[in-house]
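Notes to accompany the following structure.
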């Protein structure tokens, strides 16, 4: 049963291990509808493991995960229907055109051909790629490929979008373009976003931030509150004792 006025995402006391290695330890967080939340942690903090549990690539044995009020274990269908995902590794078929990738994804969601074309053109226009719709993915730049993956993730009208290190490997301008595209979705369409990153410059002062380190949540607050008059990088270092990596101006 769906919880009335539920959060876009609710994670309660979730732990996960790989053999004897504890990847997540009693993790709890909540993502408000129509908000941008940064999941901040160095590489190996557990961000990808958490996203894999949310998306049901892994099974959460402990705790509870709800998407839009639906438990992902008990009501996986309606829970995942409201979810769009951009994984860290590239996942488009590079031998197909952008539009063909959209059609294939639409078919997986039971969307008919004419509706797939209509929705595909809408989301490609939204991310600024309608002019490249008939280009093969192999011919796109890295930033364009990422925006095509975001378009694909939006095709079935999800209310929650997960992005796992979505700007890895991109140049500075492409990174900014991708971040701007996602923030526009939050601002103009009310999509809730969980943005997993280790890059401080991708986080704005008003953003909600969850600091994940060695599988544990160390802090949950706005970026400005966590910074406490200094900067987020210094605050992160004080919380974790870890040296920030790949911090770009």
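When residue 110 is tested against (1) outside any helix (DSSP H, G or I); (2) without any contact (Cβ under 8 Å) to a residue 24 or more places away in the chain; (3) not assigned by TED's automatic domain parsing to the domain that holds residue 139, exactly one condition is not met: (3). Tallying residues that are buried (at least 20 other Cβ atoms within 10 Å of the Cβ) and either over 22 Å from the mean Cα position of the chain (by Cα) or within 28 Å of residue 7 (Cα to Cα) (or both) within the range 81-96 yields 4. Scanning the range 67-92 for residues that are closer than 20 Å to residue 25 by Cβ and part of a strand (DSSP E or B) yields a total of 0. Which of the residues spanning the range 53-74 are without any contact (Cβ under 8 Å) to a residue 24 or more places away in the chain and either over 13 Å from residue 11 (Cα atoms) or in contact with a helix residue (DSSP H, G or I) (Cβ under 6 Å, 6 or more places away or on another chain) (or both)? Residues satisfying the conditions are 57, 59, 72, 74. Residues that are surrounded by fewer than 22 Cβ atoms within 10 Å (Cβ to Cβ) and part of a strand (DSSP E or B) within the range 15-36 comprise 15, 17, 18, 21, 22, 23, 25, 26, 28, 29, 30, listed in sequence order.
The values are calculated or read from the model by the stated rules, or taken from the named source; none is laboratory data. Model, not experiment: these values are computed from the prediction. For neighbour counting, all protein chains shown are included, and Cβ atoms are generated from backbone atoms with ideal geometry for every residue, glycine included.
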